[in-house]
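Notes for the one structure printed next.
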Amino acid sequence: MNTKTLVSLSLLVGIGAVLHAIMPPVLFGMKPDMMLTMMFLGILLFPGVKNVLLLGLTTGAISALTTGFPGGQVPNIIDKPITAFIIFGLLLLVRNVTTVKTPVAAALTAVGTLVSGIIFLSAAALIVGLPGDLMALIVGVVLPATVVNTIVMVVVYPIVNSVLKRTSISAKVS
């Protein structure tokens, strides 16, 4: 892993941490996880097992530190690495069929946010319990987060992709 990639991933995680920390709770103390968008962006721009592992672990740890969900620390640590590798696997499958452009990035973000929400809520239900009905949390928090994360990706991905293509940060950007 080169230093430029590490710095770029760190910036994405840092931006995600700020967005995650300032996002207000929506329902039962839960808030949309904006760190997911930055994690997915890092996976899309710097695909690689080491990068995905690093992103999943750091995003999980920082999400755990900034969560507003009561007892959400362990579910965040469980959720993020699993979600990161699921998205990485889907990305590898998609790249065999087509190039990754904004619609593909948006679709992966939507799927990833849904997967992450379901994994998080399932882990929370098993470990600490849920403050409300599972379906209410999915409809009230996960689906709005999916919409917001997808919109953010549609706006941010082409910009960041364009900037990276003009720099020497990554030769792997598609």
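The values are calculated or read from the model by the stated rules, or taken from the named source; none is laboratory data. The structure presented is a predicted model; accordingly, all values stated were derived computationally and were not measured. Please note: Cβ atoms are built from the backbone with ideal geometry, for glycine as well, and neighbour counts cover all protein chains shown. These area figures cover heavy atoms from the full protein model, side chains too; ligands, DNA and RNA do not enter into them. Shrake-Rupley method; radii C 1.70, N 1.55, O 1.52, S 1.80 Å.
Just to be sure I understand, if you calculate Rg/Rh (Cα atoms, Kirkwood Rh) for this structure, which of (1) 0.96; (2) 1.01; (3) 1.39 do you get? The calculated read-out lines up with (1).
Considering only alpha-carbon pairs that sit under 8 angstrom and 6 or more positions apart, the relative contact order computed for region 71-138 is 52 percent. Suppose R0 equals 25 Å. What FRET efficiency, 1/(1 + (r/R0)^6) with r the Cβ-Cβ distance, do Ala136 and Leu53 give to the nearest 0.05? Efficiency at R0 = 25 Å is approximately 0.15. Summary value for the chain: 26 percent relative contact order, contacts being C-alpha pairs under 8 angstrom separated by 6+ residues. In this rough spin-label picture, where each label sits 7 Å from Cα along the Cβ direction, the Thr99-Leu143 distance is 3.6 nm.
Measuring with a 1.4 angstrom probe and ignoring ligands and nucleic acids, Asp33 comes out at about 20 Å² accessible. Calculated mean residue ellipticity, 222 nm, the chain: -24500 deg cm²/dmol, from DSSP H runs (n ≥ 4) at -39500 (n - 2.57) each, averaged per residue and rounded to 500. With all protein chains in place and a 1.4 Å probe, the accessible surface of the chain carries 76 percent carbon and sulfur. For the pair Lys4 and Val154, the difference between a 0.36 nm per residue extended length and the Cα-Cα distance amounts to 51.6 nm. For the chain, find the longest principal axis of its Cα atoms and tell me its angle to the long axis of helix 73-97, 0 to 90°, nearest 10. Computed tilt is about 40 degrees. For Val128, the accessible surface of its heavy atoms amounts to roughly 70 Å² (probe 1.4 Å, protein chains only, rounded to the nearest 10).
Within region 17-107, the trypsin sites (Lys or Arg not before Pro) that combine a DSSP coil assignment with at most 15 other C-beta atoms in a 10 angstrom radius are Lys101.
Calculate how steeply helix 35-45 sits against the longest principal axis of the alpha-carbon atoms of the chain, using the helix alpha-carbon long axis, and give the answer as 0 to 90 degrees to the nearest 10. That helix lies at roughly 20 degrees to the long axis. Angle between the Cα long axis of helix 49-66 and the longest principal axis of the chain, 0 to 90 degrees, nearest 10? Around 40 degrees separate the two axes.
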